[in-house]
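All remarks here apply to the structure that follows.
The values are calculated or read from the model by the stated rules, or taken from the named source; none is laboratory data. Predicted model, so just to flag it, every value in this text is computed and none were measured. As a convention, Cβ positions derive from the backbone with ideal geometry for all residues, glycine included, and neighbour counts pool all protein chains shown. Heads up: the accessible areas ignore ligands, DNA and RNA and are worked out on the full protein's heavy atoms, side chains in. Shrake-Rupley method; radii C 1.70, N 1.55, O 1.52, S 1.80 Å.
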Amino acid sequence: MHFQQLPADRNVKGYSDINGLYTDSSSLQSKTQPGTQILNKVQEFLKFDPPKFNSRETYCVTDDQFGRQTVAGINPLSIERLKVFPPVSKLEPSIYGPQESALKEEHIRDQLNGMSIQQALEENKLFILDYHDIFLPFIQQPSKVLTPPIDATTSWHWQLGKAHVCSNDAGVHQLVHHWLRTHACIEPFIIAANRQLSVMHPIYKLLKPHLRCTLKVNAMARKDLINAGGIIESNFTPAKYCMEFSCAAYRDWWRFDLEGLPADLIRRGIAIPDPSQVHGLRLLIEDYPYATDGLLIWSAIETLVQSYVNYYYPNASLVTSDTELQAWYNESINLGHADLRDASWWPKLSTPEDLISILTTIIWITSAQHAALNFGQYPYGGYVPTRPPHMRRLIPNKNDSEYASFMRDPQQYFVSSLPSSFEATKYMAVIDIISAHSPDEEYIGERKDLSNWSADTEITEAFYRFSVEMRRIEKEIERRNGDSNLRNRCGAGVSPYELLMPSSEPGVTCRGVPNSITV
């Protein structure tokens, strides 16, 4: 990627404008003009590499791709099972209007393959991306129900609707699931570890690779990305409310005890507890690559942590009497998460099992969870029309002043709704940078400090088994990506899901799970 600076007021005017941002575009100026051969070479140098997974043959995301990206895209954490229909808001009705959704059975009846709403609910067949409550307090817009198209006009309404959902999803992904749930909420545990645990403490030694670079990365983010008027505010739908938006999710929704993968899947209704299953739960969406691959890594981390903790803390008294360990956890909660310090859901730290659960969650968040949310941002989102970070025009109603221009040229209306060329270029430059692995990345299963346990054969053997398991998981993910029965990761035009592949080469690869949040 090379940054292409464009005038701030330059709007996207058409297909050639969009494709002109990429290296293989033919939209350069005519070579017959004096001096344009040199200019063309400069412009070509300033263009972006084409994103890995987005077709540039259309402005619009297809229905199949739209659905697939919710379970096998850059934000697989928003989908949840619908348990009540119509959906019901939790917002105060005197301020935000009726709590019951405008979505009714007649809107989706034709999509249920002959089932009734009640039957679909009972058979766990209804799922939702619900951004109503998180957006409405900040960006109040009238609700509008769109249904699959029946003519040319509703087809363009449908395409605009999907683009708006994608832009809302992009904001929730970046501000809640990515920034809040990985970068921000893990920071207090890192600071407290450096303050309260000696470098020779067994838990500090275990966590050390998972603490690497994160404080520096977060400081840079506060300076250049999430700062007032910064990249995030100027590019995502919540705009000037971005930090309030993230803080509201932290205040009203985030819970450390539900941040582990199994607990999160159960919270969202995507899985139910089932002791007979390998991971102790049963997925209600079987072809859900983030969950199925993630559970392999989660189990491997948990097994490693169990071996480690049971070696150093064979009984509860050793946990409760470890003053450094208790000081670390207490500071993480009482100072690092002071706003939520009195919440009843904080896990206790009294037994080896408590410690195993806490450490497994922390390692999961800093490694696989962050990788799944970060390293596909440019490959999946670098073609802005199919995943715009914000939309500049609403879906027009018949009484709107813009309706005539929409009817006259709906494609141009769609294009003009997208971020401007300048906005798109800034956004693409940032997500390209943060989607890349550095040459000195340290990946899960790799440890450069095994000499610290030279006298503890049981521990070095546990790390070795963990490394072997990461290699096995990588081969299993490769096998799954070639399984034609898994339609969300294999098929004509279907992108393989590689975000939880443990290893990677440097650069933008859309795979690789580093030990820590390094970008």
Practice task
Could you pull the Rg and Dmax for the range 84-201, using just the Cα atoms, both in Å?
Solution key: 20.4, 68
Practice task
Treating only the Cβ atoms of Lys and Arg (+1) and Asp and Glu (-1) as charged, compute the dipole magnitude of the chain about its Cα centre; round to the nearest 20 debye.
Solution key: 1000 debye
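Between rounded, prolate and oblate, where does the range 387-519 land on the alpha carbon gyration tensor, with a ≥ b ≥ c its root eigenvalues, rounded for a/c under 1.5, else prolate if a/b exceeds b/c? Kindly include the intermediate steps, with their values, before the conclusion.
On the way: a/c = 4.25, a/b = 2.33, b/c = 1.82.
Here the range 387-519 falls in the prolate category.
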Exercise for the section: Only helical DSSP H runs with n ≥ 4 go in: add -39500 (n - 2.57) per run for the chain, normalise by residue count and round the 222 nm mean residue ellipticity to 500 deg cm²/dmol. Expected result: -13500 deg cm²/dmol
Practice task
Keeping the other protein chains in place, figure out the carbon and sulfur percent of the accessible area of the chain, with a 1.4 Å probe.
Solution key: 52 percent
Problem - the range 438-492 shape via C-alpha gyration tensor axes, a/c threshold 1.5 - result: oblate
Fill in the blank from the handout: A correct Karplus calculation of ³J(HN,Hα) over the range 493-510, with 6.51 cos²θ - 1.76 cosθ + 1.60, θ = phi - 60°, whole Hz and x for Gly and Pro, returns x, 9, 7, x, 8, 10, 4, 9, 5, x, 9, 7, 7, x, x, 8, 10, 6
Exercise for the section: Give me the distance in nm between label points sitting 7 Å out from Cα along the Cα-to-Cβ direction at residue 438 and residue 327, one decimal. Expected result: 3.0 nm
Practice task
Just name one of 512, 407, 462: the one whose Cα is farthest towards the positive end of the charge dipole of the chain (beta-carbon charges, Lys/Arg +1, Asp/Glu -1).
Solution key: 407
Handout entry: Probe 1.4 Å - accessible area at residue 440, Å² to nearest ten
Key = 90 Å²
Problem - Ranked order, 458, 302, 286 - accessible area, probe 1.4 Å, largest first - result: 286, 458, 302
Completion exercise
Interchain or sequence-distant (5+) residues whose placed amide H lies within less than 5 Å of the amide H of residue 127 are 82
Fill in the blank from the handout: Expressed in square angstrom to the nearest 10, the accessible area of residue 346 with a 1.4 Å probe stands at 20 Å²
Practice task
When a/c is below 1.5 the answer is rounded, else prolate if a/b is larger than b/c, else oblate, so apply that to the range 138-216 with a ≥ b ≥ c taken from the square roots of the Cα gyration tensor eigenvalues.
Solution key: prolate
Problem - Accessible surface, 1.4 Å probe, highest first, among residues 401, 435, 416 - result: 401, 416, 435
Completion exercise
With 0.36 nm assigned to each residue of separation and the Cα-Cα distance removed, residue 145 to residue 399 gains 89.8 nm
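Could you give the length gained on full extension between residue 107 and residue 138, defined as 0.36 nm per residue of separation minus the Cα-Cα distance, in nm? Don't skip to the end; give the middle numbers.
On the way: separation 31, 0.36 × 31 = 11.16 nm, distance 2.70 nm.
Roughly 8.5 nm would be gained on extension.
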Exercise for the section: Measure off 7 Å from each Cα along the Cα-to-Cβ vector at residue 311 and residue 341, then give the distance between these two points in nanometres to one decimal. Expected result: 3.5 nm
Practice task
Can you send over the solvent-accessible area of residue 95, 1.4 Å probe, protein chains only, in Å² to the nearest 10?
Solution key: 110 Å²
Practice task
Give the calculated FRET efficiency between residue 476 and residue 266 to the nearest 0.05, with a Förster radius of 25 Å applied to their Cβ-Cβ distance.
Solution key: 0.60
Problem - Length added when fully stretched, residue 234-residue 457, from 0.36 nm per residue minus Cα-Cα - result: 75.0 nm
Practice task
Between residue 408 and residue 64, take the C-beta separation as r, use R0 = 30 Å, and let me know the FRET efficiency to the nearest 0.05.
Solution key: 0.50
Practice task
Please turn the phi angles of the range 91-104 into ³J(HN,Hα) values with the Karplus equation 6.51 cos²θ - 1.76 cosθ + 1.60 (θ = phi - 60°), one per residue in order, whole Hz, x for glycine and proline.
Solution key: 6, 5, x, 5, 9, 10, x, x, 7, 7, 5, 6, 6, 10
Exercise for the section: Before anything else, pin down the relative contact order of the range 216-332: Cα pairs under 8 Å, at least 6 apart, normalised by residue count, whole percent. Expected result: 10 percent
Exercise for the section: Rank these by accessible area, largest first, 1.4 Å probe: 484, 101. Expected result: 484, 101
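Excluding ligands, DNA and RNA, what is the solvent-accessible area per residue of the chain at a probe of 1.4 Å, expressed in Å²?
About 46 Å² of surface per residue is accessible.
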Exercise for the section: Return the distance in nm (one decimal) between the two label points of a simple spin-label model at residue 89 and residue 465, each offset 7 Å from Cα along Cα→Cβ. Expected result: 5.2 nm
Handout entry: Flagged links, alpha-carbon separation over 20 Å, of 205/475; 240/426; 104/125; 83/104
Key = 205/475
